[in-house]
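Chemist: I am attaching a structure below and will ask some questions about it afterwards.
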Amino acid sequence: AKVYNIGNWGADLFSINKKGNVCVHPTPNSKYSIDLKVLVDDLIKRKIKPPILLRFMNILEGRIASISRVFKNAIHENNYPAKYQTFYPIKVNQQRQVVEAIANFGKKHGLGLEVGSKPELVAAISMSAGNKLPIICNGYKDTEFIETVLYATRVGYDITIVVEKLFELERIIEVSKRTGIIPKLGIRVKLSSKGIGKWSTSGGEDAKFGLRISEIMAAIESLKQNGLVDCVKLLHFHVGSQITKIDKIKNALIEGARIYVEMRRLGVNLEYLDIGGGLGVDYDGSKSSYFSSVNYSLEEYANDVIYQVKNICDEAGVPCPNIISESGRATVAHYSVLVTNVLNNNTQTLMPDFEHILADNAKLSPTVRKLVDIYKSIDRHSLREDYHDTIQLIQESVSLFNLGYLNMNERAHAEWVYSKIIRKINSIVEKLKPIPDELQNFQLSLRQTYFTNFSLFQSIPDSWAIDQLFPIVPIQRLDEKPDVLTSIADITCDSDGEITSFVGENGRTKALPLHKIDVGEDYYIGFFLIGAYQEILGDMHNLFGDTNAVHITFNKKTNYKIDTVITGDATWESLKYVQYDASEILKRVRNNLETDVSLQKVSIEESSHFLELLDRTLQSYTYFGE
Ligand code: PLP
């Protein structure tokens, strides 16, 4: 199981039990666990079909508690004279049931919600209604947005509206004057410090959002003139998601804290410093990769935030602000796992067996004969030379076929011996340490495609869009050596729907070792750390819809409890997104068939059986069934 590196990316939430199944722990290193394979078997018995998105609510609660706890400890250790508050940016996953759970868990930690659009604002207001959660509004805002926020403030909501652009400030001043409502304001600054990795352009001079220093000066002036400067309570910056190096975070903190101090000196009574998101997730456990891992822990992050801000405020003799962070990815990445079945692709029994050509090579074409000779003689001393010759001969077989000198049967022979040679080389190479560089890549020619019941575009779109790594692990048979090197192909009709980069023992690898699947065996793989952004960024390529989702909590008596089942899209629902109506479809097809039936082209029985099948397809899950 070391090949999947679980110990390094799993945050002590995932392990392997004696049965060789993956287990999920409700809290890091807990002695309690849920066996994923048992859980999935039980769900299938309940007719909940894969792909199934499993949401482990204890993990979600635990992550919120951990982030609050590390800040509490850092505040205590540094004698920090103010508070910390976490705001969940709902863009990371806006699903009602998820936000509802976060709002409920978060209440005791003083959690708030961060929104970036009108629909998100409405969602947050509805979630905040009973819980009285504070809300921060980032993103561009039109007059309707601003007016809604101001009236929400008037009727008792705690909403801070963050100015991203100067033109927004003009609108806010205008609406405030017109309605007589005093807003609670924040200002987002465009830091010159940048993050690192895929999202580094969220920071720096050319960032999309925020005010430059000169614009902040203008904003303060304008607010003073309009008597609203005392409404500015919060300074915000965000230098990008998944910041992988702690020094980038420190630089941003120092610059942000300096701006806070200077704004206080200019007479702005700021109370909060909102350091945005960016707290990274270790997706591959390497602690070193460019954007899949992070070189710091939660504790180090919190300590640095508190220490740097205190240092700068103390030096300037300015009161320390309350700290807010908007950590999305780090809050939700761990809690969901997508489990699905590999479609049984054991086609070995269908493959022709050319074993006889090894014994009798007299009638073989010269190219195939040379390949057979290599296969028979290859050993660790001739490895490199034989490998080069094999590559050349297989290319030669294609050229000869194209020129008409090799027939289909002979080309199949060449292909067959080639794969035998590659397997033989692999068995020799596996024993060599270190493996010669040029032989490392050859293993790719051994890679088999495992077709898997999911859509990459729906469930892990970042894997396609930005080559993001997500750990993929079989949930069973981990007490057996996985001896097939695979790539994972989804069921969309798109060649891009294939994963060829994986988390391996020593960082990124180009093949995922999985087990040979027996005929009739149900073999499941899990996609881990997919809780952040994936669900909402996912799209409906080929009309594969939302997957089934199940909320699970750990239970000491029954091991687990199913809290919520959210049924994935049926075919009719996917079609509805693109404006088809199920009953219209059936009506149209029935009318057409009636004409054919009346002309006796089609029998009544066949026509009604087809309509029945069509109706059943409309009602069924968009993914593969039996
Ligand atoms: N806050 C703002 C303003 C953002 O734009 C984002 C996302 O990029 C976040 C918070 C969440 O960032 P993360 O998921 O890295 O914590």
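Chemist: When we measure straight from the Cα of Lys177, which aspartates and glutamates land under 12 angstrom away, once same-chain ones fewer than 8 places off are left out?
Modeler: Leaving aside aspartates and glutamates fewer than 8 places away in the same chain, those within reach of Lys177 are Glu147.
Chemist: For segment 57-333, rounded, prolate or oblate, judged on the Cα gyration tensor with a ≥ b ≥ c (square roots of eigenvalues), a/c < 1.5 rounded, else prolate if a/b > b/c? Mind dumping the intermediate values first?
Modeler: Details: a/c = 1.57, a/b = 1.21, b/c = 1.29.
In terms of gyration-tensor shape, oblate.
Chemist: Okay, moving on. Label the chain by shape, choosing from rounded, prolate and oblate, from the square roots a ≥ b ≥ c of the eigenvalues of the Cα gyration tensor; if a/c is under 1.5 it is rounded, and otherwise prolate applies when a/b is larger than b/c, oblate when it is not. Intermediate results must be reported in sequence, preceding the final value.
Modeler: Values: a/c = 2.25, a/b = 1.62, b/c = 1.39.
Taking the square roots of the gyration eigenvalues as a ≥ b ≥ c, the chain is prolate.
Chemist: While we're here: Work out, step by step, the length gained on full extension between Asp12 and Asp360: first 0.36 nm times the residue separation, then minus their alpha carbon distance; give nm to one decimal.
Modeler: Values: separation 348, 0.36 × 348 = 125.28 nm, distance 5.67 nm.
Taking Asp12 through Asp360 to full extension adds about 119.6 nm, to one decimal.
Chemist: Which cross-chain or sequence-distant (5 or more) residues have an amide H under 5 Å from the amide H of Ser193, H modelled 1.01 Å from N in plane?
Modeler: Gly204
Chemist: Can you compute 3J(HN,Hα) from phi for each residue in segment 238-251, using the Karplus curve 6.51 cos²θ - 1.76 cosθ + 1.60 with θ = phi - 60°, rounded to whole Hz and x for Gly and Pro?
Modeler: After applying 6.51 cos²θ - 1.76 cosθ + 1.60, I find 8, 9, x, 7, 6, 7, 8, 10, 5, 5, 5, 5, 4, 4 Hz.
Chemist: Okay, moving on. Using a cut-off of 10 Å between beta-carbons, work out the net charge of the residues near Thr622 (Lys and Arg +1, Asp and Glu -1, Thr622 not included). Show your work: numbers first, answer last.
Modeler: Working: positive: none; negative: Asp546, Asp569, Glu573.
Overall, the nearby charge balance is -3.
Chemist: Which of Asp284, Asp522 has the fewest other C-beta atoms within 10 Å, and how do the rest follow up to the most?
Modeler: Working: Asp284 25, Asp522 15.
Fewest-to-most ranking of Asp284, Asp522: Asp522, Asp284.
Chemist: Could I ask something else about it? Between segment 1-59 and segment 207-264, what's the alpha-carbon centroid distance in Å?
Modeler: Each part's Cα centre sits 42 Å from the other's.
Chemist: Among 140-149, 373-382, how do they line up from the highest to the lowest mean number of other beta-carbon atoms within 10 Å? Numbers along the way, then the final one.
Modeler: Values: 140-149: 17.7, 373-382: 13.7.
In decreasing order of mean packing, 140-149, 373-382 become 140-149, 373-382.
Chemist: Take the Cβ-Cβ distance between Tyr140 and Arg178 as r, set R0 to 22 Å, and report the resulting FRET efficiency rounded to the nearest 0.05.
Modeler: With R0 = 22 Å, the Cβ-Cβ based efficiency is 0.60.
Chemist: May I ask you to sort Glu300, Glu626, Glu612, Glu164 by Cβ crowding, counting other Cβ atoms within 10 Å and putting the fewest first? Before the final figure, lay out the partial values.
Modeler: On the way: Glu300 15, Glu626 3, Glu612 10, Glu164 23.
So the residues, fewest neighbours to most, are Glu626, Glu612, Glu300, Glu164.
Chemist: Let me ask you something else. Which of Lys18/Lys47; Lys108/Lys233; Lys481/Lys557; Lys72/Lys287; Lys18/Lys557; Lys19/Lys556 have a Cα-Cα distance over 32 Å?
Modeler: Working: Lys18/Lys47 27 Å; Lys108/Lys233 23 Å; Lys481/Lys557 34 Å; Lys72/Lys287 25 Å; Lys18/Lys557 21 Å; Lys19/Lys556 20 Å.
Cα-Cα > 32 Å for Lys481/Lys557; rest within.
Chemist: To continue, here is another question. Which whole-Hz couplings ³J(HN,Hα) result when phi for each residue of segment 378-388 is put into the Karplus expression 6.51 cos²θ - 1.76 cosθ + 1.60, θ = phi - 60°, listed in order with x for Gly and Pro?
Modeler: Result, ordered by residue: 4, 8, 5, 7, 9, 3, 5, 5, 5, 5, 4 Hz.
Chemist: Output wanted: per-residue J couplings in Hz (rounded whole) for segment 318-332, from phi through Karplus 6.51 cos²θ - 1.76 cosθ + 1.60, θ = phi - 60°, x for Gly and Pro.
Modeler: Running phi through 6.51 cos²θ - 1.76 cosθ + 1.60 with θ = phi - 60° gives 10, x, 5, x, 5, 9, 10, 10, 10, 7, x, 3, 5, 7, 10 Hz.
Chemist: List the residues, sorted by chain then number, that are 5 or more residues from Ile136 or on another chain and whose placed amide H is less than 5 Å from its amide H.
Modeler: Leu113, Glu114, Val115, Thr160
Chemist: Then there's this: Between Asn591 and Asn131, what is the label-to-label distance in nm when each label sits 7 Å out along the Cα-to-Cβ direction?
Modeler: Rounded to a tenth, the inter-label distance reads 4.9 nm.
Chemist: Can you compute the charge dipole magnitude of the chain about its Cα centre, using +1 on each Lys and Arg Cβ and -1 on each Asp and Glu Cβ, nothing else charged? Give it in debye, rounded to the nearest 20. The partial results should precede the final answer.
Modeler: On the way: 71 positive and 77 negative charges, 359 e Å.
Dipole magnitude for the chain comes out near 1720 debye.
Chemist: Now a separate question. Say each of Lys2 and Lys287 gets a label point 7 Å from the Cα, pointing the same way as Cα to Cβ; how far apart are those two points in nm?
Modeler: The modelled label-to-label distance comes out at 1.7 nm.
Chemist: Give the calculated FRET efficiency between Asn426 and Met217 to the nearest 0.05, with a Förster radius of 60 Å applied to their Cβ-Cβ distance. Walk me through the numbers on the way to the answer.
Modeler: Numbers: r = 66 Å, r/R0 = 1.10.
That pair, Asn426 with Met217, gives E of 0.35.
Chemist: Suppose the chain between Lys108 and Gln225 were pulled fully straight at 0.36 nm per residue; how much longer would it get relative to their current alpha carbon spacing? Walk me through the numbers before you get to the answer.
Modeler: Numbers: separation 117, 0.36 × 117 = 42.12 nm, distance 3.98 nm.
Gain in length upon complete extension: 38.1 nm.
Chemist: Work out, step by step, the length gained on full extension between Thr617 and Asp518: first 0.36 nm times the residue separation, then minus their alpha carbon distance; give nm to one decimal.
Modeler: Once the chain is fully extended between Thr617 and Asp518, it gains 32.7 nm.
Chemist: Please arrange Leu478, Leu400 by counting, for each residue, the other beta carbons lying within 10 Å of its beta carbon, fewest first. Mind showing how you got there, number by number?
Modeler: Working: Leu478 22, Leu400 18.
Fewest-to-most Cβ neighbours within 10 Å comes out as Leu400, Leu478.
Chemist: Going by average Cβ density within 10 Å per residue, which order do the peptides 210-219, 54-63 take, highest to lowest?
Modeler: Details: 210-219: 16.7, 54-63: 23.2.
Top of the packing list down: 54-63, 210-219.
Chemist: Could I ask something else about it? If one computes the Cα centroid of segment 569-626 and of segment 78-124, what distance in Å separates the two points?
Modeler: If you average the Cα positions of each part, the centres end up 44 Å apart.
Chemist: Need one number: nm distance between label points at Thr449 and Thr564, each 7 Å from Cα along Cα→Cβ, rounded to one decimal.
Modeler: 3.7 nm
Chemist: What shape does segment 1-118 take by its C-alpha gyration tensor, where a ≥ b ≥ c are the square roots of the eigenvalues and a/c under 1.5 counts as rounded, a/b above b/c as prolate, and the rest as oblate? Please report the intermediate quantities before stating the final value.
Modeler: Working: a/c = 2.68, a/b = 1.48, b/c = 1.82.
Cα axes put segment 1-118 in the oblate bin.
Chemist: Here's something else I'd like to know. Return the long-range amide H neighbours of Asn555 (sequence gap of 5 or more, or a different chain), with a cut-off of under 5 Å between placed amide H atoms.
Modeler: Amide H neighbours of Asn555: Tyr560, Lys561.
The numbers here are math on the coordinates, done by the rules we state, and not lab data. Remember, predicted model here, so these are calculated numbers, not experimental data. Neighbour counts run over all protein chains shown; Cβ positions are idealised from the backbone, glycine included.
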